[in-house]
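K.L.:
Take this structure first; my questions come after.
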Amino acid sequence: MSESLPATIIPTSPEVLSLKVPDSPLVAQAKAFVIKTDEDVLTAKDYRKQLKDREKFIMEDEAGPRYAINIKNAHALHKSLVASAKFFTDPINEAIGILDKVMGAHEKEKRRLKELADQKAREDQEKERVKVMNAAQAKIDRALAMAGKIEDQIIEMQKVLDNPEANESEIEIASRKIEILRLQLENKQNAAAEIQKTAEQVMEALPVAAPESVNYTKTSGVKVKKVAEVLNKLALIKLIAEEKAPINIVEIDLGVLNKLVNIGVAFPANIVKVKEEFKYGGRG
């Protein structure tokens with residue numbers, strides 16, 4: 001069959017393939033063969049040669065189906081079709097990719113503006129809260145200042161009562177004055193507490209920063225996907241070792257590990273177990 005023909009599998013005659021089928025006696029014998037002596041090794045090599053010859057017949061012999069050339073032609077056709085399609089689809093996919101990115105960028109900018117507006121709303125609200133509290137605190141300070149003067153007067157009147165040389169009239173007047181001053185002090189303290197309570201009520205009544213400070217409508221079809229980037233591989237491995245991150249986020253490259261072991265790199269036995277595998281790799 002010409003190699004330039006399209007990929008077509010043409011089976012050979014049943015008579016020729018009768019001894020080449022997958023479940024032929026030779027295949028069964030090879031699968032069940034047990035080696036006990038060096039002579040058995042020679043028999044195994046003979047089986048192996050016969051099997052390789054049959055494989056060559058199936059894949060390459062002109063009397064057989066010639067799978068190799070058909071597979072080659074199929075691969076060439078596939079490669080040609082893919083290249084031909086890409087000539088048309090690559091510019092299309094590139095344009096689609098650009099549109100997807102600009103729509104994503106637009107959505108990202110809308111969210112940024114909304115977050116800025118929300119932040120400003122929260123800051124403005126906090127300024128208003130501080131303004132209310134400062135005004136209330138000023139009133140409280142004035143009330144407490146007056147209360148302080150009353151306390152001083154009570155102390156002075158108490159000195160009169162404690163003075164052994166004070167006469168009855170002085171004691172009587174001082175006692176009444178203390179009662180009056182205490183009532184005034186209590187009223188001042190109550191007034192300060194009332195101012196505090198009123199200020200807190202005003203603050204609670206302030207409007208909460210609006211979550212919709214900006215007219216934001218999510219663009220339909222735009223998805224937000226978080227993409228991780230490992231900045232410190234050793235630190236990540238340490239987190240896994242400390243069981244602070246799941247172990248399945250990393251994979252062990254056994255190919256690299258086997259290469260290191262075969263060139264003599266030693267690992268602690270309780271971490272990496274090394275075993276030897278024996279396999280015939282000769283041509284005969």
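K.L.:
I want to check the label-to-label distance for Glu126 and Asn262. Put each point 7 Å from Cα in the C-beta direction and report it in nm to one decimal.
P.N.:
It is 6.2 nm.
K.L.:
For Met133 paired with Val274, estimate the spin-label separation in nm (one decimal), with each label point 7 Å from Cα along the Cα-to-Cβ line.
P.N.:
Calculated label separation equals 6.7 nm.
K.L.:
Here is a follow-up. Can you work out the Karplus-derived ³J(HN,Hα) for every residue in the stretch 219-230? Use 6.51 cos²θ - 1.76 cosθ + 1.60 with θ = phi - 60°, whole Hz, and x for glycine or proline.
P.N.:
Listing the rounded values in order: 6, 4, x, 7, 10, 9, 10, 8, 10, 8, 10, 7 Hz.
K.L.:
Follow-up question, since we're still on this one. What is the calculated FRET efficiency for Asn248 to Leu81, with r their C-beta to C-beta distance and R₀ = 51 Å, to the nearest 0.05? Write out the running numbers ahead of the final one.
P.N.:
Working: r = 38 Å, r/R0 = 0.75.
Once the sixth-power term is evaluated, E becomes 0.85.
K.L.:
Show me, for the stretch 64-79, the HN-Hα J-couplings you get by feeding each phi into the Karplus relation (A = 6.51, B = -1.76, C = 1.60, θ = phi - 60°), rounded to Hz, glycine and proline as x.
P.N.:
x, x, 6, 4, 4, 5, 5, 5, 4, 5, 5, 4, 5, 5, 4, 4
K.L.:
Mind scanning Lys110/Lys226; Lys127/Lys226; Lys110/Lys238 and naming the pairs with a C-alpha gap bigger than 29 Å?
P.N.:
Working: Lys110/Lys226 18 Å; Lys127/Lys226 35 Å; Lys110/Lys238 38 Å.
Pairs exceeding 29 Å: Lys127/Lys226; Lys110/Lys238.
Since every read-out is calculated from the coordinates, none of them should be taken as a lab result. Please read all numbers here as calculations on a predicted model, not as lab measurements. Note: ideal-geometry Cβ built from the backbone for every residue, glycine included; neighbour counts use all protein chains shown.
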